[in-house]
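Just below is one structure, and these are the notes that go with it.
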Amino acid sequence: MLKLYNTLKRKKEIFKPIGKTVGFYSCGPTVYWYQHIGNLRSYIFSDILKRVLKYNKYSVKHVMNVTDVGHLTSDADEGEDKMEKAARKEGKKAKDIANFYLKIFKEDFKKLNIIEPDVWCKATDYIKEQIIMIKLLEKKGFTYVTDDGVYFDSTKIKDYGKLALLKLEGLQEGKRTEVREKKNKTDFALWKFSEEKGKRQQEWKSPWGLGFPGWHIECSAMSSKHLGNQFDIHTGGEDHIPVHHTNEIAQSESAFDKKPWVNYWLHGSFLVFKGKKVSKSKGGLYTIEELEKQKYTPLTYRYFVLGAHYRTQLEFSLENLESSKNSLKRLRNLINDLEDDKEINKKYLKKFEKMINDDLNMPKALAVLWELIRDEKAKGKLKTIKEMDKVFGLDLLKKEDISKEVKELIEKREKYRDEKNWEKSDEIRDKLSEKGIILEDSEKGVKWRRKGF
Ligand code: AMP
Ligand code: ZN
């Protein structure tokens, strides 16, 4: 029995899918820059959710969008389009920028063992679908046109803001609106007009005029295209609750007449640095490549992320990452020493399943793994760890790659030992020790481990 915390209900619920295949949509990246480790925490969270669904034998169709147009620098429909801004700054085509950062994003997925979605969808490939959805909303009387775009009138629906538990008094008042001609602060753009023809790199004709789609409409149009007008799970970062997801719900429930449009809404909490969201000004804004340069593997970062529940903020620092690095190294060394066993340890696997099915409690699932490894009497460790790693995705059973040089030295030493040349064989042992490799001779042959573990 899988329980998930549903933001819509503010409580844990037993997961019951609509049909045979779980329809699962994750809000993806805006590809104008590198995704930082904060963003990537969100995707590790959705990956764990997908792995837990698969572990529970659900078939899953996972869709992720790629925002390559329409995401403005302000959530209040103001500011510049992030893609256009980056294109101008870098002196490149918006398309090339999108492809470049998407490629890196996909490489990060691979490095972090994040399973790719079944469908990637770019907003610019679905302009037609977005226009059709806006037309439908217009026909049903939910929209109005101003001098800068087509807007959704949030006062036309009774339960606007239910996801975020927004208090609407004061918000839905024209006077407080900062945006030109927008009737209510909570109204949002479905289509924005180009300010001047040809000034933007990405613009399309529409029944309302030349322009580009708003950010929220892409997720509603693309998810319904691939998952139908009602589906099971929608994920994103916690910052999406008050605006982006609130608006996705408003327009989709109005267009499709389905309530709830999505049954389970799950949100990942932020990665923070000194208590604040990681950012350029506050710090902690690393990319995976930058962590690698500091000798932290992507899987060390994954292990670090798994150490906190997805609904709690996680404090990032290089010291905290260092401690994850040491724990993971120790874990790998202990696993390296395990003897193969035929059976699975059902007792520990059950405990593990209880934790992952309790709203993806990965810190507790990791604690079960450690408990199993430390339990001297427990049998079937390797096979059980293999099962658990289907969810952890840490490559726990991949043999560590000893560099070719170390391998050769070990073989050379074996030769000297066969020749009973103890002096030479000890020399090699010392040389390896200097490299931080410790050898242990056992009846079954030579075993190695890293110093200090
Ligand atoms: P963006 O590319 O800005 O649309 O963000 C991509 C994803 O990263 C979204 O789901 C955000 O909610 C999420 N996100 C942004 N900053 C953080 C952070 N510091 N910690 C965790 N997730 C974040
Ligand atoms: Zn979205």
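Bear in mind these aren't lab numbers, they're just calculated from the coordinates by the rules spelled out. Every value quoted in this text rests on a predicted model; they were computed, and no experiment measured them. Ideal geometry is used to build each Cβ from the backbone, glycine not excepted, and the neighbour counts take in all protein chains shown.
How about segment 268-318: which trypsin sites (Lys or Arg not before Pro) there are in a DSSP loop, with at most 13 other Cβ atoms within 10 Å of their Cβ? The partial results should precede the final answer.
Working: sites: Lys274, Lys276, Lys277, Lys280, Lys282, Lys293, Lys295, Arg302, Arg311; in loops: Lys274, Lys280, Lys282, Lys295, Arg311.
Sites meeting the loop and neighbour criteria: Lys274, Lys280, Lys282, Lys295.
Dividing the Cα radius of gyration by the Kirkwood radius, what Rg/Rh value follows for the chain?
Working: Rg = 26.2 Å, Rh = 24.6 Å.
Using only Cα positions, Rg/Rh for the chain is 1.06.
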Open item on the list: With just the Cα atoms defining each centre, how far is segment 77-102 from segment 394-453? Give it in Å.
Closed with: 52 Å
Task: Cross-link table Lys325/Lys399; Lys404/Lys431; Lys3/Lys225; Lys383/Lys435; Lys85/Lys106, entries beyond 20 Å C-alpha to C-alpha - done: Lys3/Lys225; Lys383/Lys435; Lys85/Lys106
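Can you give the calculated 222 nm mean residue ellipticity of the chain, where each DSSP H run of n ≥ 4 adds -39,500 (n - 2.57) and the sum is split over every residue, rounded to the nearest 500 deg cm²/dmol?
Numbers: 14 runs with 181 residues, N = 453.
So the helix-based figure for the chain works out to -12500 deg cm²/dmol.
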Open item on the list: How big is the dipole moment of the chain about its Cα centre under a simple scheme where the beta carbon of each Lys and Arg is +1, that of each Asp and Glu is -1, and everything else is neutral? Debye, nearest 20, please.
Closed with: 920 debye
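Would you list Ser281, Ser26, Ser220, Ser327 from fewest to most Cβ contacts within 10 Å?
Arranged by neighbour count, lowest to highest, Ser281, Ser26, Ser220, Ser327 become Ser281, Ser327, Ser26, Ser220.
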Task: Inter-centroid distance (Cα atoms) of segment 193-213 relative to segment 23-56, Å - done: 31 Å
Task: At most 10 other Cβ within 10 Å, DSSP loop - trypsin sites (Lys or Arg not before Pro), segment 1-93 - done: Arg10, Lys20, Lys57
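Any idea what the relative contact order of the chain is, in percent, if you count C-alpha pairs under 8 Å spaced at least 6 apart?
Details: 705 pairs, mean separation 72.5, N = 453.
Averaging sequence separation for qualifying contacts and normalising by length gives 16 percent for the chain.
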- [ ] Under a cut-off of 13 Å between alpha-carbon atoms, report the aspartates and glutamates in cross-link reach of Lys20, not counting same-chain residues fewer than 8 places apart.
- [x] Asp232
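Just check segment 218-351 against the gyration tensor rule for me: Cα atoms, a ≥ b ≥ c as the square roots of the eigenvalues, rounded for a/c under 1.5, and otherwise prolate or oblate depending on whether a/b exceeds b/c.
oblate
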- [ ] Read phi for every residue in segment 5-13 and hand back ³J(HN,Hα) as whole Hz from Karplus 6.51 cos²θ - 1.76 cosθ + 1.60, θ = phi - 60°, with x for Gly and Pro.
- [x] 7, 9, 4, 4, 9, 6, 7, 6, 10
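Does segment 404-450 classify as rounded, prolate or oblate by the C-alpha gyration tensor (a ≥ b ≥ c root eigenvalues; a/c under 1.5 gives rounded; else a/b over b/c gives prolate, otherwise oblate)? Before the final figure, lay out the partial values.
Working: a/c = 1.60, a/b = 1.21, b/c = 1.32.
Oblate.
Need one word for segment 19-268: rounded, prolate or oblate. Basis is the Cα gyration tensor (sqrt eigenvalues a ≥ b ≥ c); a/c below 1.5 gives rounded, then a/b vs b/c decides. Walk me through the intermediate numbers first.
Details: a/c = 1.72, a/b = 1.19, b/c = 1.45.
Oblate, because a/c is 1.5 or more while a/b does not exceed b/c.
Hey, fewest Cβ within 10 Å first, where do Asp389, Asp340, Asp81 land in order?
Asp340, Asp389, Asp81
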- [ ] Scan the chain and note any complete DSSP helix (H) whose C-alpha atoms cover at least 24 Å along its axis and whose Kyte-Doolittle average is 0.0 or more.
- [x] 37-55
Open item on the list: Could you list Val119, Val305, Val60 so that the one with the fewest beta carbons within 10 Å of its beta carbon is first and the one with the most is last?
Closed with: Val119, Val60, Val305
